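Taking it in order: structure first as structure tokens, then the write-up.
The values are calculated or read from the model by the stated rules, or taken from the named source; none is laboratory data. These figures come from a predicted structure and were not determined experimentally. Reconstructed Cβ throughout: ideal geometry from the backbone, glycine too, with neighbour counts over all protein chains shown. When the accessible area is computed, the model is the full protein with side chains, heavy atoms only, and any ligands, DNA or RNA have been set aside. Shrake-Rupley method; radii C 1.70, N 1.55, O 1.52, S 1.80 Å.
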Amino acid sequence: MREASTDGKRLLKVLRREPVDRTPLWLMRQAGRYLPEYRAVRAEAGSFLDLCYTPDFAEEVTLQPIRRYGFDAAILFSDILVVPDALGQPVAFKEGEGPVLEPIRNAAELATLKPVSALRDKLAPVYETVRRLKNSLPAETALIGFAGAPWTVATYMVGGRGSPDQAMAKAWAYRAPDEFQKLIDLLVAATVEHLSAQVEAGAEVLQLFDTWAGSLPELSFERFALKPMIEIRAALKVRFPDLPVIGFPRGAGPMTVEYFRATGLDALSLDTGMSPVWARDNLQGAGCLQGNLDPLLLVAGGAEMQQQVLHILDTLGHGPFIFNLGHGIVPQTPPDHVAALVEIVREWRP
Ligand code: CP3
């Protein structure tokens, strides 16, 4: 085995399947309401979208968890719903309610959206934030850009808000699949454009969040979750041949095997319910894995958290692996527990 050199960014190395001195670590939603310094900037910014669209604020909150914990990657502070917002379906984030949009439920409403060419203007402040971060991040910290996967973004566009069962988007997809496909196709093009602009501004890795992939039955999963991801991955490969891309098909279970193989993604982020042992045996041979501590174990902390962190590391840490959560940090997480987690992961050795 080759020696693990200490130069270069750990996260990028492990994505290229090169040896590293220790397991790289970052956390989904590592910037956010659990941090008092985030809540202060959030209050100053006013609305959540003002925070996303003001580079001074967005840069600052991206850097906050890096200063506190020295994670191996920073993820751009933004949201998956800036894409519909830029396409002319305004998004509002209501306190205690989450995102609210005027729903799009048929071809006529779909036709009112702006073309993909409208994205770069509207989202210029997001790309400016990426450019600034390139200069302000520590040399060893990788910068992750991101977008929502088309199906997941579509569930919010069609539902008009978050929903436990994605019923509105499913109703359209099942009643008129070829019409719904037009929304997915628009989102494939918009996602490639939005991600490309982030890479041009300096993002070194991309992650695609398919939070609701697991709610689709197999045939619909293939059409509306897998196929769009194959298209997005292929388009990015043409534009940026060496750029690593991570997928997060949350809840996809055994369909994850085909998802990893068919997309050619560089890494897969595992959700909380995925067995690390099964993932090691069925997925890790195809590439790097990332995950998958239950965010509620991070809330609990203590011996139970430690035991489950070590189970993940002992199982997956011998192959290409990035430590993360199985879903985003929740607001009630004590910041001290994050510090304890970081220490356990830093000290673990294969
Ligand atoms: O630190 C990071 O990970 C980067 C920033 C980031 C946010 N959202 C900030 C955010 C990322 C990567 C996301 C992704 C996102 N957004 C997803 C996919 C991943 C997942 O968590 O499933 C989804 C489905 C969304 C849509 C979204 N944004 C919802 C449903 C909500 C409301 C729920 C909530 O947690 O409040 C948001 C708001 C949001 N996005 C917040 C943050 C920090 C909280 C807003 C606030 O400060 O009031």
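Couple of notes before you dig in:
- Within the chain, helix-based [θ] at 222 nm, where runs of 4 or more DSSP H residues each add -39,500 (n - 2.57), nearest 500: -14500 deg cm²/dmol
- Based on the convex hull around the alpha carbon atoms, the stretch 140-252 presents an average projected area of 7.3 nm².
- Folded to 0 to 90 degrees: helix 124-136 orientation relative to the chain principal axis, Cα: 10 degrees
- Cα gyration tensor category, rounded, prolate or oblate, for the stretch 202-350 with a/c compared to 1.5: prolate
- Build a GNM of the chain with springs between Cα atoms under 10 Å apart, and of Q198, Q64, Q30 the one that fluctuates most is Q64.
- Relative to the longest principal axis of the Cα atoms of the chain, the long axis of helix 55-69 lies at roughly 30 degrees.
- Gaussian network model of the chain, Cα within-10 Å springs - most flexible of L87, L219, L12: L219
- Viscosity 1.567 mPa s, temperature 4 °C, Stokes-Einstein D of the chain from Kirkwood C-alpha radius, µm²/s: 63 µm²/s
- Of all segments of the chain bounded by GluC sites (Glu not before Pro) found in a DSSP loop with no more than 11 other C-beta atoms within 10 Å, the longest spans 98-350.
- Partner aspartates and glutamates for K94 [C-alpha distance under 17 Å; skip if fewer than 8 residues away on the same chain]: E44, D50, D79, D85, E102
- The slack in the chain from S117 to R161, taken as 0.36 nm per residue of separation less the alpha-carbon distance, amounts to 13.3 nm.
- A straight chain from E95 to A108 at 0.36 nm per residue would run longer than the Cα-Cα distance by 1.6 nm.
- Helix 177-201 vs. the chain, principal-axis angle (Cα, 0 to 90°, nearest 10): 50 degrees
- Compactness index (Cα Rg / 2.2 N^0.38 Å), the stretch 48-134: 1.26
- Solvent-accessible heavy-atom area per residue, rounded to whole Å², over the chain at 1.4 Å: 40 Å²
- Distance in nm between pseudo-label sites at Q307 and A262 (7 Å out along the Cβ direction from Cα): 3.9 nm
- The candidates R161, R346, arranged from most to least accessible area with a 1.4 Å probe in the full protein assembly, appear as R161, R346.
- Placing +1 on the Cβ of every Lys and Arg and -1 on the Cβ of every Asp and Glu, with no other charges, gives the stretch 61-146 a dipole of roughly 280 debye about its Cα centre.
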